[in-house]
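In what follows, a single structure is set out as structure tokens and then discussed.
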Amino acid sequence: MMKLLTNLPNHVVGVSASGQVDAKDYETVLIPAIESALQAHKQIRVLYQLGPGFEGFTAGAMWDDAKLGLAHLKAWERIAVVTDAHWVANAARMFAFLLPGPVKVFSNKEQPDAEKWIAA
């Protein structure tokens, strides 16, 4: 399940995910939020929190994530990944070089630091 975070500036799309994240989460929550933000801003920032209840991604969610990232490759000004899942943190660090802006990984207890960094 994915929900939007509403306490961030309008050029930042923030989402929090828990449980099993599937393609429907991307198609009904994240993709519309990204598309809407990109109508107002040439570049946007994303804060993606995988909370303590996060269980994983379905193959469809991973495919939608890849398509979204590639479709808007130059739009990513800054990305914060908040997670305690080591495999997600490692993957974010490993693929960060593919994106034009900085990618920074935070633990869930560092969520306030992630929010400050993404909005700065």
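The table for this structure:
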quantity	calculated
Cross-chain or 6+ apart pairs with Cβ under 7 Å, segment 54-72 first and of a type in the set (G, A, S), then surrounded by fewer than 16 Cβ atoms within 10 Å (Cβ to Cβ)	G56/Q20
Criterion (at pLDDT below 95 and either out of contact with any Asp or Glu (no Cβ under 7 Å at 6 or more places or on another chain) or within 20 Å of H86 (Cβ to Cβ) (or both)) met by exactly one of A17, A71, A33, A37	A71
Residue pairs meeting the criteria (Cβ under 9 Å; at least 6 apart or on separate chains; first farther than 12 Å from V46 by Cβ, in segment 101-120; second among the acidic types (D, E))	F106/D113; S107/D84; N108/D84; K109/D84
Residue within segment 51-64 that is more than 15 Å from A119 (Cβ to Cβ), charged (D, E, K, R) and touching a helix residue (DSSP H, G or I) at 6+ places or on another chain (Cβ under 6 Å) present	yes
Count of residues meeting criterion [among the hydroxyl-bearing types (S, T, Y) and more than 13 Å from the chain's Cα centre (by Cα)] in segment 25-81	3
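Matching residues to (1) farther than 20 Å from G101 by Cα; (2) aliphatic (A, V, I, L, M); (3) in a helix (DSSP H, G or I):
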| site | (1), (2), (3) |
| --- | --- |
| F54 | yes, no, no |
| A61 | yes, yes, yes |
| R78 | no, no, no |
| V81 | no, yes, no |
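The values are calculated or read from the model by the stated rules, or taken from the named source; none is laboratory data. All values derive from a computational prediction rather than experimental measurement. We place every Cβ from the backbone using ideal geometry, glycine too, and count neighbours over all the protein chains shown.
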